[in-house]
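All remarks here apply to the structure that follows.
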Amino acid sequence: MSLLPERHSRPSVDRLLCIAAAAGAEAAVRLHVARGDDLECRDKHGFTPLMIAASRNRAGVCRLLLQAGVNINSRDPGGRDALKIARESASPDAAEAILESISVSSSTEDQSHDQGRNLIPQARLSEAMPTQSEDASRPNEL
């Protein structure tokens with residue numbers, strides 16, 4: 001037994017990410033994404049940062065996390081995903097951001113031929129990209 005007072009350890013990176021998600025601190029969340037921190041970490045209630053942001057109507061944070069590739073199908077201990085949590089928490093902006101991500105990913109999957117990876121096939125990519133002569137005539141449309 002020590003006579004020194006107990007030192008509280010510094011908050012973990014996971015906890016700081018969860019706090020940033022709850023607060024809607026998009027710059028802090030971007031920093032965690034850029035550093036490669038675990039975006040699938042869980043808080044003491046079993047919520048991922050996406051679920052936390054969804055429950056607090058933090059649409060910007062939801063978009064950032066979804067663009068970073070978090071698992072949209074993760075479930076809390078009660079079996080709810082982020083969209084259901086957003087709806088139950090009366091978080092319309094977060095629910096809309098999640099729905100947008102679902103529709104974008106499903107339309108991208110429809111175009112992909114690479115076993116579920118979100119890639120645009122080479123033939124469609126060349127159709128979508130203008131030729132060099134078209135680039136010169138329309139420089140600002142890219």
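Summary of computed values
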quantity: Extension gain from R30 to H45, taking 0.36 nm per residue of separation minus the Cα-Cα distance; calculated: 3.1 nm
quantity: Segments 26-39, 80-93, 63-76 sorted - mean Cβ within 10 Å per residue, highest first; calculated: 80-93, 63-76, 26-39
quantity: Charge context of E100, other residues only, Cβ under 13 angstrom, K/R +1, D/E -1; calculated: -1
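Computed from the coordinates by the stated procedures, all read-outs in this text should not be read as laboratory data. These figures come from a predicted structure and were not determined experimentally. As a convention, Cβ positions derive from the backbone with ideal geometry for all residues, glycine included, and neighbour counts pool all protein chains shown.
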